[in-house]
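Engineer: This is the structure, below, for whatever I ask next.
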Amino acid sequence: VVTEGNSAAVVSAESAQAQQKGSSYWSQFSILLGRALLNVFRDPLLSKVRLMQTLLIGLIFGTIFFRIENNQRVAQNKSGAIFFLLINQSMTSVFGVLQTFPLEKPIALREYESGAYSILPYYAAKVFADFPLQLFFPSLFTLICYYMGGLNDDIWAFLWTLLTVLMVTNSAISIGYCISALSKNVGVALAVGPVAILPFMLFSGFFLNTDDIPSYWIWLEYLSFFKYGFSACLTAIFGFNYPEIDCPDPTGRQCAFKTGDDVLRFFSVKKENFATDLLALFAMIVGFRLLGALFMWLACRKKQNA
(Lines give C-alpha, C1' and ligand atoms only; values in the text may rest on other atoms or scores of the structure.)
Protein backbone atom coordinates (compact mmCIF):
# COMPACT_ATOMS: atom_id res chain seq x y z
CA VAL A 1 0.00 0.00 0.00
CA VAL A 2 1.34 3.40 -0.94
CA THR A 3 1.32 5.76 2.03
CA GLU A 4 1.97 9.47 2.00
CA GLY A 5 5.43 8.84 3.41
CA ASN A 6 6.67 6.33 0.89
CA SER A 7 4.86 8.22 -1.88
CA ALA A 8 6.99 11.23 -0.99
CA ALA A 9 10.11 9.08 -1.11
CA VAL A 10 9.18 7.75 -4.53
CA VAL A 11 8.48 11.27 -5.78
CA SER A 12 11.84 12.53 -4.53
CA ALA A 13 13.75 9.62 -6.03
CA GLU A 14 12.06 9.96 -9.40
CA SER A 15 12.51 13.72 -9.31
CA ALA A 16 16.24 13.35 -8.87
CA GLN A 17 16.27 10.92 -11.78
CA ALA A 18 14.32 13.42 -13.90
CA GLN A 19 16.89 16.08 -13.16
CA GLN A 20 19.72 13.74 -14.14
CA LYS A 21 18.13 12.75 -17.44
CA GLY A 22 17.50 16.22 -18.75
CA SER A 23 14.69 18.66 -18.90
CA SER A 24 12.82 17.60 -22.03
CA TYR A 25 9.11 17.11 -21.52
CA TRP A 26 9.26 13.60 -22.98
CA SER A 27 11.99 12.47 -20.57
CA GLN A 28 10.12 13.91 -17.62
CA PHE A 29 6.86 12.33 -18.76
CA SER A 30 8.46 8.89 -19.25
CA ILE A 31 10.00 8.87 -15.78
CA LEU A 32 6.88 10.20 -14.07
CA LEU A 33 4.66 7.78 -15.96
CA GLY A 34 6.78 4.89 -14.71
CA ARG A 35 6.41 6.16 -11.17
CA ALA A 36 2.65 6.62 -11.53
CA LEU A 37 2.20 3.12 -12.96
CA LEU A 38 4.29 1.72 -10.11
CA ASN A 39 1.99 3.39 -7.61
CA VAL A 40 -1.09 2.01 -9.38
CA PHE A 41 0.14 -1.59 -9.40
CA ARG A 42 1.80 -1.40 -5.99
CA ASP A 43 -1.64 -1.42 -4.38
CA PRO A 44 -3.41 -4.44 -5.93
CA LEU A 45 -6.00 -4.50 -3.13
CA LEU A 46 -7.72 -1.43 -4.55
CA SER A 47 -7.99 -3.04 -7.98
CA LYS A 48 -9.31 -6.27 -6.47
CA VAL A 49 -11.97 -4.36 -4.53
CA ARG A 50 -12.98 -2.48 -7.68
CA LEU A 51 -13.15 -5.78 -9.59
CA MET A 52 -15.38 -7.36 -6.94
CA GLN A 53 -17.54 -4.24 -6.87
CA THR A 54 -17.92 -4.30 -10.66
CA LEU A 55 -18.84 -7.99 -10.74
CA LEU A 56 -21.24 -7.77 -7.80
CA ILE A 57 -23.15 -4.70 -8.98
CA GLY A 58 -23.13 -6.01 -12.55
CA LEU A 59 -24.70 -9.30 -11.47
CA ILE A 60 -27.28 -7.51 -9.31
CA PHE A 61 -28.12 -5.32 -12.29
CA GLY A 62 -28.34 -8.38 -14.53
CA THR A 63 -30.75 -10.20 -12.23
CA ILE A 64 -33.01 -7.14 -11.94
CA PHE A 65 -33.08 -6.34 -15.66
CA PHE A 66 -32.59 -9.94 -16.83
CA ARG A 67 -33.51 -10.29 -20.51
CA ILE A 68 -35.96 -7.39 -20.53
CA GLU A 69 -39.07 -8.32 -22.48
CA ASN A 70 -39.52 -6.56 -25.79
CA ASN A 71 -43.05 -5.35 -25.06
CA GLN A 72 -44.75 -1.98 -24.71
CA ARG A 73 -42.89 -1.29 -21.46
CA VAL A 74 -39.54 -1.58 -23.21
CA ALA A 75 -39.02 2.18 -23.46
CA GLN A 76 -39.26 2.61 -19.69
CA ASN A 77 -37.39 -0.55 -18.76
CA LYS A 78 -34.45 -0.32 -21.15
CA SER A 79 -34.02 3.43 -20.77
CA GLY A 80 -33.86 2.88 -17.00
CA ALA A 81 -31.22 0.20 -17.49
CA ILE A 82 -29.20 2.49 -19.77
CA PHE A 83 -29.39 5.41 -17.37
CA PHE A 84 -28.35 3.30 -14.37
CA LEU A 85 -25.42 1.94 -16.38
CA LEU A 86 -24.22 5.46 -17.18
CA ILE A 87 -24.74 6.82 -13.65
CA ASN A 88 -23.05 3.90 -11.95
CA GLN A 89 -19.91 4.01 -14.04
CA SER A 90 -19.70 7.80 -14.05
CA MET A 91 -20.05 8.23 -10.28
CA THR A 92 -17.79 5.28 -9.45
CA SER A 93 -15.08 6.57 -11.77
CA VAL A 94 -15.35 10.18 -10.56
CA PHE A 95 -14.87 9.20 -6.93
CA GLY A 96 -11.86 7.18 -8.04
CA VAL A 97 -10.01 10.25 -9.35
CA LEU A 98 -11.07 12.97 -6.90
CA GLN A 99 -8.17 12.00 -4.63
CA THR A 100 -5.62 11.93 -7.45
CA PHE A 101 -4.07 15.37 -7.01
CA PRO A 102 -4.93 16.61 -3.48
CA LEU A 103 -2.87 13.83 -1.87
CA GLU A 104 0.28 14.46 -3.90
CA LYS A 105 -0.14 18.14 -4.76
CA PRO A 106 2.00 19.52 -1.87
CA ILE A 107 4.84 17.17 -2.81
CA ALA A 108 4.46 17.80 -6.54
CA LEU A 109 4.44 21.59 -6.05
CA ARG A 110 7.54 21.39 -3.88
CA GLU A 111 9.36 19.32 -6.49
CA TYR A 112 8.19 21.71 -9.20
CA GLU A 113 9.62 24.67 -7.30
CA SER A 114 12.92 22.86 -6.93
CA GLY A 115 13.09 22.47 -10.72
CA ALA A 116 12.80 18.68 -10.67
CA TYR A 117 10.16 18.61 -13.39
CA SER A 118 7.45 20.67 -15.04
CA ILE A 119 3.91 20.30 -13.79
CA LEU A 120 2.40 19.41 -17.18
CA PRO A 121 4.41 16.16 -17.63
CA TYR A 122 3.44 15.27 -14.04
CA TYR A 123 -0.25 15.86 -14.76
CA ALA A 124 -0.11 13.94 -18.05
CA ALA A 125 1.66 11.00 -16.39
CA LYS A 126 -1.01 10.71 -13.70
CA VAL A 127 -3.79 10.84 -16.30
CA PHE A 128 -2.21 8.26 -18.60
CA ALA A 129 -1.36 5.89 -15.74
CA ASP A 130 -5.01 5.66 -14.71
CA PHE A 131 -6.30 5.22 -18.25
CA PRO A 132 -6.01 1.39 -18.65
CA LEU A 133 -8.18 0.71 -15.58
CA GLN A 134 -10.57 3.45 -16.66
CA LEU A 135 -11.19 1.40 -19.79
CA PHE A 136 -11.17 -2.09 -18.24
CA PHE A 137 -13.74 -1.76 -15.45
CA PRO A 138 -16.43 0.11 -17.44
CA SER A 139 -15.97 -2.38 -20.30
CA LEU A 140 -16.42 -5.35 -17.96
CA PHE A 141 -19.48 -3.79 -16.31
CA THR A 142 -21.05 -2.94 -19.67
CA LEU A 143 -20.45 -6.46 -21.00
CA ILE A 144 -22.21 -8.04 -18.01
CA CYS A 145 -25.12 -5.61 -17.94
CA TYR A 146 -25.66 -5.46 -21.68
CA TYR A 147 -26.05 -9.16 -22.31
CA MET A 148 -27.81 -10.05 -19.08
CA GLY A 149 -30.25 -7.22 -19.75
CA GLY A 150 -30.78 -8.29 -23.36
CA LEU A 151 -30.59 -4.70 -24.58
CA ASN A 152 -29.95 -5.59 -28.23
CA ASP A 153 -28.27 -8.76 -29.47
CA ASP A 154 -26.82 -7.06 -32.54
CA ILE A 155 -23.01 -6.95 -32.25
CA TRP A 156 -22.75 -3.44 -33.69
CA ALA A 157 -25.33 -2.17 -31.23
CA PHE A 158 -23.20 -3.58 -28.42
CA LEU A 159 -19.95 -2.12 -29.75
CA TRP A 160 -21.45 1.35 -30.18
CA THR A 161 -22.99 1.15 -26.70
CA LEU A 162 -19.65 0.11 -25.22
CA LEU A 163 -17.88 3.00 -26.95
CA THR A 164 -20.51 5.42 -25.67
CA VAL A 165 -20.27 4.17 -22.08
CA LEU A 166 -16.48 4.50 -22.17
CA MET A 167 -16.73 8.04 -23.49
CA VAL A 168 -19.35 9.05 -20.91
CA THR A 169 -17.26 7.53 -18.13
CA ASN A 170 -14.14 9.35 -19.28
CA SER A 171 -16.06 12.61 -19.62
CA ALA A 172 -17.05 12.29 -15.96
CA ILE A 173 -13.46 11.38 -15.06
CA SER A 174 -12.21 14.48 -16.88
CA ILE A 175 -14.49 16.65 -14.75
CA GLY A 176 -13.17 14.77 -11.73
CA TYR A 177 -9.61 15.68 -12.71
CA CYS A 178 -10.63 19.36 -12.89
CA ILE A 179 -12.14 19.23 -9.41
CA SER A 180 -9.16 17.29 -8.09
CA ALA A 181 -6.72 19.82 -9.53
CA LEU A 182 -8.67 22.72 -8.03
CA SER A 183 -9.16 21.22 -4.56
CA LYS A 184 -6.72 21.87 -1.74
CA ASN A 185 -7.57 18.63 0.08
CA VAL A 186 -9.45 15.38 -0.40
CA GLY A 187 -12.38 16.47 1.76
CA VAL A 188 -13.14 19.43 -0.48
CA ALA A 189 -12.84 17.33 -3.63
CA LEU A 190 -15.20 14.64 -2.31
CA ALA A 191 -17.72 17.30 -1.26
CA VAL A 192 -17.65 19.21 -4.56
CA GLY A 193 -17.58 16.17 -6.89
CA PRO A 194 -21.21 14.97 -6.54
CA VAL A 195 -22.52 18.55 -6.54
CA ALA A 196 -20.74 19.19 -9.85
CA ILE A 197 -21.93 15.96 -11.51
CA LEU A 198 -25.58 15.75 -10.38
CA PRO A 199 -26.89 18.78 -12.34
CA PHE A 200 -25.70 17.20 -15.58
CA MET A 201 -27.92 14.18 -14.86
CA LEU A 202 -31.04 16.34 -14.73
CA PHE A 203 -30.52 17.36 -18.35
CA SER A 204 -29.83 13.89 -19.71
CA GLY A 205 -33.28 13.54 -21.27
CA PHE A 206 -34.26 10.74 -18.88
CA PHE A 207 -36.01 12.76 -16.18
CA LEU A 208 -37.26 15.51 -18.47
CA ASN A 209 -37.70 15.33 -22.22
CA THR A 210 -35.10 17.50 -23.91
CA ASP A 211 -37.85 19.29 -25.86
CA ASP A 212 -39.37 20.48 -22.56
CA ILE A 213 -36.25 21.95 -20.94
CA PRO A 214 -36.80 25.64 -20.10
CA SER A 215 -34.99 28.00 -22.43
CA TYR A 216 -33.00 29.59 -19.60
CA TRP A 217 -31.42 26.20 -18.82
CA ILE A 218 -30.53 25.29 -22.41
CA TRP A 219 -26.90 26.26 -21.84
CA LEU A 220 -26.54 23.60 -19.15
CA GLU A 221 -28.21 21.01 -21.36
CA TYR A 222 -25.50 21.51 -23.97
CA LEU A 223 -22.81 21.11 -21.31
CA SER A 224 -24.31 17.86 -20.01
CA PHE A 225 -22.25 14.85 -20.99
CA PHE A 226 -25.14 12.69 -19.76
CA LYS A 227 -27.35 14.23 -22.45
CA TYR A 228 -24.99 13.18 -25.23
CA GLY A 229 -24.28 9.81 -23.65
CA PHE A 230 -27.92 8.91 -22.99
CA SER A 231 -28.91 9.99 -26.49
CA ALA A 232 -26.06 8.02 -28.08
CA CYS A 233 -26.85 4.88 -26.04
CA LEU A 234 -30.52 5.04 -27.00
CA THR A 235 -29.51 5.39 -30.64
CA ALA A 236 -27.02 2.53 -30.43
CA ILE A 237 -29.57 0.16 -28.86
CA PHE A 238 -32.83 1.15 -30.56
CA GLY A 239 -31.42 2.46 -33.82
CA PHE A 240 -29.28 -0.48 -34.96
CA ASN A 241 -31.25 -3.50 -36.20
CA TYR A 242 -33.63 -3.41 -33.24
CA PRO A 243 -36.34 -6.12 -33.53
CA GLU A 244 -40.00 -5.25 -33.86
CA ILE A 245 -41.60 -4.50 -30.50
CA ASP A 246 -44.38 -6.85 -29.37
CA CYS A 247 -47.87 -5.38 -29.63
CA PRO A 248 -50.92 -7.16 -28.14
CA ASP A 249 -53.22 -5.29 -30.54
CA PRO A 250 -53.17 -7.01 -33.96
CA THR A 251 -54.08 -3.71 -35.64
CA GLY A 252 -51.26 -1.88 -33.84
CA ARG A 253 -53.50 1.10 -33.13
CA GLN A 254 -53.31 0.72 -29.34
CA CYS A 255 -49.52 0.37 -29.23
CA ALA A 256 -47.28 3.37 -28.68
CA PHE A 257 -44.13 1.51 -29.73
CA LYS A 258 -43.79 -0.75 -32.74
CA THR A 259 -40.13 -0.21 -33.69
CA GLY A 260 -36.98 1.14 -32.10
CA ASP A 261 -37.51 4.38 -34.01
CA ASP A 262 -40.73 4.92 -32.05
CA VAL A 263 -38.76 4.75 -28.81
CA LEU A 264 -36.23 7.27 -30.12
CA ARG A 265 -39.04 9.65 -31.08
CA PHE A 266 -40.54 9.29 -27.60
CA PHE A 267 -37.27 10.56 -26.09
CA SER A 268 -36.84 13.21 -28.83
CA VAL A 269 -33.63 11.50 -29.99
CA LYS A 270 -32.56 11.80 -33.61
CA LYS A 271 -30.42 9.06 -35.13
CA GLU A 272 -28.64 11.54 -37.36
CA ASN A 273 -27.20 13.21 -34.23
CA PHE A 274 -25.35 10.05 -33.19
CA ALA A 275 -21.98 11.13 -34.59
CA THR A 276 -22.45 14.62 -33.12
CA ASP A 277 -23.12 13.10 -29.69
CA LEU A 278 -19.90 11.09 -29.82
CA LEU A 279 -17.90 14.09 -31.03
CA ALA A 280 -19.32 16.20 -28.19
CA LEU A 281 -18.26 13.56 -25.66
CA PHE A 282 -14.77 13.41 -27.18
CA ALA A 283 -14.50 17.20 -27.01
CA MET A 284 -15.50 17.11 -23.33
CA ILE A 285 -12.93 14.43 -22.53
CA VAL A 286 -10.14 16.47 -24.12
CA GLY A 287 -11.43 19.86 -23.01
CA PHE A 288 -11.93 19.08 -19.32
CA ARG A 289 -8.58 17.30 -19.08
CA LEU A 290 -6.82 20.28 -20.61
CA LEU A 291 -8.73 22.49 -18.17
CA GLY A 292 -7.47 20.32 -15.33
CA ALA A 293 -3.92 20.80 -16.59
CA LEU A 294 -4.50 24.56 -16.63
CA PHE A 295 -5.73 24.46 -13.03
CA MET A 296 -2.60 22.56 -11.96
CA TRP A 297 -0.38 25.05 -13.79
CA LEU A 298 -2.19 27.99 -12.16
CA ALA A 299 -1.76 26.38 -8.74
CA CYS A 300 1.98 26.16 -9.40
CA ARG A 301 2.18 29.78 -10.52
CA LYS A 302 0.22 30.91 -7.48
CA LYS A 303 2.54 29.07 -5.11
CA GLN A 304 5.59 30.33 -6.99
CA ASN A 305 4.43 33.94 -6.67
CA ALA A 306 3.35 33.57 -3.03
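Engineer: Given the peptides 284-293, 81-90, arrange them by the average over their residues of other C-beta atoms within 10 Å, most packed first. Walk me through the intermediate numbers first.
Structural biologist: Values: 284-293: 18.6, 81-90: 23.2.
Sorting 284-293, 81-90 by mean packing, highest first, produces 81-90, 284-293.
Engineer: Per residue, what accessible area does the chain have, given a 1.4 Å probe and all protein chains present, in Å²? The partial results should precede the final answer.
Structural biologist: Details: 14800 Å² over 306 residues.
Computed with neighbouring chains in place, this is 48 Å² per residue.
Engineer: A follow-up question, please. Using unit Cβ charges (K, R positive; D, E negative) and no other charged atoms, how large, in debye to the nearest 20, is the dipole of the chain about its Cα centre?
Structural biologist: Details: 22 positive and 20 negative charges, 186 e Å.
Here the chain has a charge dipole of around 900 debye.
Engineer: So what's the back-of-envelope 222 nm ellipticity for the chain, counting only DSSP H runs of four-plus at -39500 (n - 2.57) apiece and dividing by all residues, rounded to 500? Intermediate values should be presented prior to the final figure.
Structural biologist: Working: 12 runs with 225 residues, N = 306.
Calculated mean residue ellipticity at 222 nm is -25000 deg cm²/dmol.
Engineer: Follow-up. Kyte-Doolittle cut-off 0.5, length cut-off 27 Å along the helix's own axis using Cα: show which whole DSSP H helices in the chain pass. Can you show the working numbers first?
Structural biologist: Working: long enough: 44-64 (30 Å, 1.37); 74-97 (35 Å, 0.89); 119-149 (44 Å, 1.07); 155-182 (41 Å, 1.66); 274-305 (46 Å, 1.00).
Going by DSSP H runs, the hits are 44-64, 74-97, 119-149, 155-182, 274-305.
Engineer: Per the 1.4 Å probe, what fraction of the accessible area of the chain, in percent, lies on carbon and sulfur atoms?
Structural biologist: Roughly 66 percent of what the probe reaches on the chain is carbon or sulfur.
Engineer: Hey, another quick one. Got a sec? What order do Met91, Met201 fall in by accessible area at 1.4 Å, biggest, i.e. largest, first?
Structural biologist: Details: Met91 35, Met201 15 Å².
Result, largest first: Met91, Met201.
Engineer: Turning to a different aspect of this structure: Between Leu151, Leu120, Leu166, where does the largest GNM mean-square fluctuation fall for the chain, given springs only between Cα atoms within less than 10 Å?
Structural biologist: So, out of Leu151, Leu120, Leu166, the one fluctuating most is Leu120.
Engineer: I would also like to ask the following. Could you state, as a whole-number percent, how many of the C-alpha pairs of segment 73-210 are farther apart than 26 Å?
Structural biologist: Values: 3215 of 9453 pairs.
Cα-Cα pairs in segment 73-210 separated by more than 26 Å: 34 percent.
Engineer: In square nanometres, what is the average projected area of the Cα convex hull of segment 122-162? Walk me through the intermediate numbers first.
Structural biologist: Values: hull surface 12.5 nm².
Spelled out: convex hull of the Cα atoms, projected over all directions, averaged, 3.1 nm².
Engineer: Say the cut-off is 30 Å between C-alpha atoms; which of Lys105/Lys227; Lys48/Lys302; Lys227/Lys302; Lys126/Lys303; Lys126/Lys227; Lys48/Lys270 go over it?
Structural biologist: Numbers: Lys105/Lys227 33 Å; Lys48/Lys302 38 Å; Lys227/Lys302 36 Å; Lys126/Lys303 21 Å; Lys126/Lys227 28 Å; Lys48/Lys270 40 Å.
From the list (Lys105/Lys227; Lys48/Lys302; Lys227/Lys302; Lys126/Lys303; Lys126/Lys227; Lys48/Lys270), the Cα-Cα distance tops 30 Å for Lys105/Lys227; Lys48/Lys302; Lys227/Lys302; Lys48/Lys270.
The values are calculated or read from the model by the stated rules, or taken from the named source; none is laboratory data. Because the structure is predicted, anything quoted here is derived from the model rather than measured. Here the Cβ is made from the backbone with ideal geometry for all residues, glycine too, and neighbour counts use every protein chain on show. Quick note on the areas: whole protein, heavy atoms, side chains included, nothing else; ligands and nucleic acids left out. Shrake-Rupley method; radii C 1.70, N 1.55, O 1.52, S 1.80 Å.
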